[in-house]
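S.K.: Just passing along the structure, written as structure tokens.
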Amino acid sequence: MKKMNAILLITMFVLGMGLFATSTAAVVYVRKAPPARKTVIVKPARPHHNSVWVSGHWGWRNGVHIWVDGKWISSKKDHVWIDGHWKKTAKGWIWVDGHWKKR
């Protein structure tokens, strides 16, 4: 019985790791530099006192840069929001997602 439970646990672990590995997004290299950030941004009213503004940015869809509007998100205790950004690499431009950073 213990051996069977151990085999079941190992099988579940291996399957779970396989699902995790396939769920990660592939890096897309964009040859065309993103346009300059928009300089005039109209933010809607803050929905609640602990909201954090996520800046708008140029996204990449169907071979062209498109503007993605900013939005308010709920803050995360003891964390600060780091906006996403485009990073130039030897293979082209890549988008680095925004994320929370512990203070």
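Each value in this text was obtained by applying a stated rule to the coordinates, not by laboratory testing. Computed from a prediction, not measured in an experiment: that's the story for all the values here. Glycine gets a Cβ as well: all are built from the backbone with ideal geometry, and neighbour counts include every protein chain shown.
S.K.: Where the eigenvalues come from the Cα gyration tensor of the range 41-90, what are the semi-axes √(5λ) of the equivalent ellipsoid, largest first, in whole Å? Walk me through the intermediate numbers first.
M.R.: Working: eigenvalues 127, 47, 10 Å².
Value: 25, 15, 7 Å, ordered largest first.
S.K.: Just list whichever of Lys76/Lys102; Lys32/Lys88; Lys38/Lys101; Lys71/Lys91 have alpha carbons separated by over 19 Å in the model shown.
M.R.: Numbers: Lys76/Lys102 9 Å; Lys32/Lys88 10 Å; Lys38/Lys101 25 Å; Lys71/Lys91 30 Å.
Listed pairs above 19 Å: Lys38/Lys101; Lys71/Lys91.
S.K.: In the range 58-75, whose amide N lies under 17 Å from the spot 7 Å out along Cα-to-Cβ of Ser51? List them in ranges.
M.R.: In the range 58-75, the label zone of Ser51 (backbone N under 17 Å from the point 7 Å along Cα→Cβ) covers 69-75.
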